[in-house]
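Notes for the one structure printed next.
No lab work stands behind these numbers, since they all come straight from the coordinates. Quick caveat: nothing in here was measured; it's all calculated off a predicted structure. Neighbour counts are summed over all protein chains in view; Cβ atoms, including those assigned to glycine, are modelled from backbone coordinates with ideal geometry.
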Amino acid sequence: MPVTKTAKRALRVSKTKTQQNKTLVARMEIATRIASAKKSKKALSEAFSLIDRAAKNKILHKNKAARLKSRLSKST
């Protein structure tokens, strides 16, 4: 358990960021599944946007993001 005021704040921030990251990853995975199933340009661009956002925020490594986008574009 955090003792100091700073540690308590850090824990609160960490929980918030973790929740935001999980939400973004879940949205990205859903969009990826939809894009591979529908094979439409709109679904593909939505998935690319979420993958890029995750890479930008360092939730995904940039190389993994590139690999996911490559595989997704190959499948459509």
> Mind listing which trypsin sites (Lys or Arg not before Pro) in region 1-66 are in a DSSP loop and have 16 or fewer other Cβ atoms within 10 Å?
Replying inline: LYS39, LYS58
> What relative contact order, as a whole-number percentage, does region 7-75 give when Cα pairs under 8 Å and 6 or more residues apart are counted?
Replying inline: 28 percent
>> Give me, ordered by chain and number, the residues 5 or more places off LEU60 or on other chains with an amide H under 5 Å from its own placed amide H.
In response: ALA55
> Which entry is the computed Cα extents along the principal axes in Å for this structure: (i) 52, 21, 15; (ii) 49, 44, 21; (iii) 36, 30, 18?
Replying inline: (i)
> Each label point is 7 Å from the Cα along the Cα-to-Cβ direction; what then is the distance between the points at LYS64 and ALA37, in nm?
Replying inline: 2.4 nm
